[in-house]
Amino acid sequence: MLLAILLTASCAGPLKVVTPLPPDVRVIAPSPDAVPHAVGAFSGTWAGRYSYGATTQAIALVVERIRRAGSAYRASVIFSWDSMTIPFQPPIEAAYQRYEVAISEEGALRLESRDLASHTFRLSSDETLSAEQEDSRVAGYRKVYGVLWRVQPSVP
C-alpha cells in the first residue's frame with residue numbers, strides 16, 4: 001500500500017499534489033544541539049512541483065533522519081515524484097526512491113543517481129525548499145526548477 005501527500009497552496013487556491021511513498025515512512029527530528037539549524041531544518045516532509053514550461057510535476061521529499069557522521073551530516077531521505085508526460089518524451093511513471101545523502105552546513109541536499117536525474121534542494125529564507133533538477137535525458141529541459149513547502153504534520 002502506498003501513502004500519499006496532500007498539499008494545499010493558498011497562493012494558487014486548493015492544489016492537490018499526490019506522490020507515492022512507502023508504507024514505512026518515519027520522520028525522526030534531530031536534536032537541535034546535535035546539528036546546525038541549516039541542516040536540521042531539512043527534517044520532515046516537503047511537497048511541491050517542478051515546472052517544465054506549461055507542464056508541472058508533483059514531487060515530495062521526506063527527510064526521515066539526520067545524523068552526524070564525523071565532521072559531516074548524513075540524511076536518510078525518500079524522493080517521490082508523480083507521473084508526467086512531456087511531448088516527444090517517454091512517459092514518466094509515479095514512483096519513489098530512497099537515498100543516503102550528505103547535507104552541507106550551508107543548507108544544500110543533493111540526490112544523485114546513474115539512472116535518474118540529479119536534484120539539489122536548498123533552504124530558502126521563507127522556509128521553503130528551492131529545487132533544481134538536472135536531467136540530460138529530457139530534451140530541451142536540461143535544468144528545471146521548483147519549490148517545496150513543508151507539509152504539516154509530517155507523514156506518520
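The values are calculated or read from the model by the stated rules, or taken from the named source; none is laboratory data. Model, not experiment: these values are computed from the prediction. Here the Cβ is made from the backbone with ideal geometry for all residues, glycine too, and neighbour counts use every protein chain on show.
Figures for the structure shown
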{"read-out": "Qualifying residue in the range 80-97 (condition: modelled with pLDDT under 90, in contact with a strand residue (DSSP E or B) (Cβ under 7 Å, 6 or more places away or on another chain) and among the polar types (S, T, N, Q))", "value": "yes"}
{"read-out": "Test: residue in the range 107-128 that is touching a strand residue (DSSP E or B) at 6+ places or on another chain (Cβ under 6 Å), touching a residue at least 12 places away in the same chain (Cβ under 8 Å) and more than 21 Å from A47 (Cβ to Cβ)", "value": "no"}
{"read-out": "Q57, sole failed condition from (1) at pLDDT 90 or above; (2) over 18 Å from S104 (Cβ atoms)", "value": "(1)"}
{"read-out": "The range 131-143 - residue that is at pLDDT below 85 and of a type in the set (A, V, I, L, M, F, W, C) and, of those, surrounded by the fewest Cβ atoms within 10 Å (Cβ to Cβ)", "value": "A139"}
{"read-out": "Leading residue by the ranking (surrounded by the fewest Cβ atoms within 10 Å (Cβ to Cβ)) among those in the range 52-73 that are in a strand (DSSP E or B) and small (G, A, S)", "value": "A69"}
{"read-out": "Members of the range 74-101 that are surrounded by 14 or more Cβ atoms within 10 Å (Cβ to Cβ), farther than 20 Å from E132 by Cβ and in contact with a Lys or Arg (Cβ under 7 Å, 6 or more places away or on another chain)", "value": "R74, S76"}
